[in-house]
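The block underneath contains the structure these notes are about, expressed in structure tokens.
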Amino acid sequence: MLTKEQKRQLIREALEARAYSYSPYSEYRVGAALLAEDGRIFRGCNIENAAYTPTNCAERTAVFKAVSEGCRSFLAIAVAGGKGEKPSGDYAYPCGVCRQVLREFVDPSKFLVICARSEEDCREWTLDEMLPESFGPAQLEKG
């Protein structure tokens, strides 16, 4: 269970990560902050590409950064996004691919997903609630 201050810090980090978004085509800037079990926070931003398919979401950028640095256990992620400089409109939710990538490294019944427009305006779910009946490592076990 995360404290209120841990949640606020994750949201702040996600909002700050938006500044590094490379989104010249959609202008939809997304930042993510991934909290590891050891307390480290890995930030990510969306990175677009003119060919669209190679585009990478902020959530996956954060996960890939963490895994590339040897970290594979996570507690929560905060996501903030929207058109322009400040998050606005609806919340930015992780896409299906990002949800599946997160599923690879977490206990979906405990992992917290926080979608925020600001530190005060956010919603949260477990990954299980966002990705019910998911496919994970257990489905590949011999038995």
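What are the residue pairs meeting all of these: first residue in the range 51-72, first residue among the acidic types (Asp, Glu), second residue assigned to a loop (DSSP other than H, G, I, E, B), Cβ atoms under 9 Å, and 6 or more apart or on different chains?
Once the first residue is among the acidic types (Asp, Glu) and sits in the range 51-72, its partners that are assigned to a loop (DSSP other than H, G, I, E, B) give GLU59/ASN46; GLU59/PRO94; GLU59/CYS95; GLU69/ARG40.
Within the range 78-94, is there a residue that is surrounded by fewer than 18 Cβ atoms within 10 Å (Cβ to Cβ) and over 19 Å from SER118 (Cβ atoms)? Outline the logic, then answer.
As a first pass, look at the range 78-94 and keep what is surrounded by fewer than 18 Cβ atoms within 10 Å (Cβ to Cβ): 83-86, 88-91, 93.
Still in the list and also over 19 Å from SER118 (Cβ atoms): none.
No, the range 78-94 has no match at all.
Being among the acidic types (Asp, Glu) and crowded, with 20+ Cβ neighbours inside 10 Å is true for just one of GLU37, GLU59. Which residue is that?
Values: GLU37 fails: crowded, with 20+ Cβ neighbours inside 10 Å.
Step by step, each of GLU37, GLU59 is checked, and only GLU59 is among the acidic types (Asp, Glu) and crowded, with 20+ Cβ neighbours inside 10 Å.
Tell me which residues, restricted to the range 95-116, are surrounded by fewer than 16 Cβ atoms within 10 Å (Cβ to Cβ) and among the hydrophobic types (A, V, I, L, M, F, W, C).
Once the filter is applied, which keeps residues that are surrounded by fewer than 16 Cβ atoms within 10 Å (Cβ to Cβ) and among the hydrophobic types (A, V, I, L, M, F, W, C), the range 95-116 yields CYS95, VAL97.
Looking at (1) of a type in the set (Gly, Ala, Ser); (2) touching an Asp or Glu at 6+ places or on another chain (Cβ under 9 Å); (3) at pLDDT below 95, which is the only condition GLY89 fails?
It fails just one condition, (2).
Hey, could you check the range 117-143 for residues that are assigned to a strand (DSSP E or B) and in contact with a Lys or Arg (Cβ under 8 Å, 6 or more places away or on another chain) and say which is surrounded by the fewest Cβ atoms within 10 Å (Cβ to Cβ)?
Taking the range 117-143 and keeping what is assigned to a strand (DSSP E or B), we get 122-126.
Add one more test, that the residue is in contact with a Lys or Arg (Cβ under 8 Å, 6 or more places away or on another chain), and what stays is 122, 124, 126.
Working: CYS122: 19, GLU124: 14, THR126: 16.
Of everything passing the filter in the range 117-143, GLU124 is surrounded by the fewest Cβ atoms within 10 Å (Cβ to Cβ).
It is to be established whether one or more residues within the range 7-26 are of a type in the set (A, V, I, L, M, F, W, C), modelled with pLDDT of 95 or more, over 10 Å from the mean Cα position of the chain (by Cα) and in a strand (DSSP E or B).
The answer is no; no qualifying residue exists.
Filter the range 70-122 down to the residues that are closer than 14 Å to PRO132 by Cα and among the basic types (Lys, Arg) and list them by number.
Across the range 70-122, the qualifying residues are ARG99, ARG103, LYS110.
It is to be established whether one or more residues within the range 87-95 are within 15 Å of LEU10 (Cβ to Cβ), of a type in the set (A, V, I, L, M, F, W, C) and more than 11 Å from the chain's Cα centre (by Cα). Please lay out each step first, then the result.
Filtering the range 87-95 down to residues within 15 Å of LEU10 (Cβ to Cβ) leaves 87, 91-92, 94.
Now drop any that are not of a type in the set (A, V, I, L, M, F, W, C), which leaves 92.
This time we only want the ones that are more than 11 Å from the chain's Cα centre (by Cα), so: none.
No, every residue in the range 87-95 fails to be within 15 Å of LEU10 (Cβ to Cβ), of a type in the set (A, V, I, L, M, F, W, C) and more than 11 Å from the chain's Cα centre (by Cα).
Does ARG43 satisfy the criteria of being part of a helix (DSSP H, G or I) and surrounded by fewer than 24 Cβ atoms within 10 Å (Cβ to Cβ)?
Working: part of a helix (DSSP H, G or I): no; surrounded by fewer than 24 Cβ atoms within 10 Å (Cβ to Cβ): yes.
For ARG43, the condition - part of a helix (DSSP H, G or I) and surrounded by fewer than 24 Cβ atoms within 10 Å (Cβ to Cβ) - is not met.
Considering every residue within the range 79-88, establish whether at least one is in a loop (DSSP other than H, G, I, E, B) and either in contact with a His (Cβ under 6 Å, 6 or more places away or on another chain) or closer than 14 Å to CYS122 by Cα (or both). Spell out how you get there, then give the answer.
Applying the first criterion (in a loop (DSSP other than H, G, I, E, B)) to the range 79-88 yields 84-88.
Add one more test, that the residue is either in contact with a His (Cβ under 6 Å, 6 or more places away or on another chain) or closer than 14 Å to CYS122 by Cα (or both), and what stays is 87-88.
Yes, the conditions are met somewhere in the range 79-88.
Need the failing condition index for PRO108 against (1) farther than 23 Å from GLU16 by Cβ; (2) modelled with pLDDT under 95, just the number.
(2)
Look at ALA51 and say whether it is among the aliphatic types (A, V, I, L, M) and either assigned to a loop (DSSP other than H, G, I, E, B) or out of contact with any strand residue (DSSP E or B) (no Cβ under 9 Å at 6 or more places or on another chain) (or both).
Values: among the aliphatic types (A, V, I, L, M): yes; either assigned to a loop (DSSP other than H, G, I, E, B) or out of contact with any strand residue (DSSP E or B) (no Cβ under 9 Å at 6 or more places or on another chain) (or both): yes.
Answer is yes for this residue.
The values are calculated or read from the model by the stated rules, or taken from the named source; none is laboratory data. Everything quoted here is computed from the prediction, not taken from an experiment. Don't worry about glycine lacking a Cβ; one is built from the backbone with ideal geometry, like all the others, and counts go over all protein chains shown.
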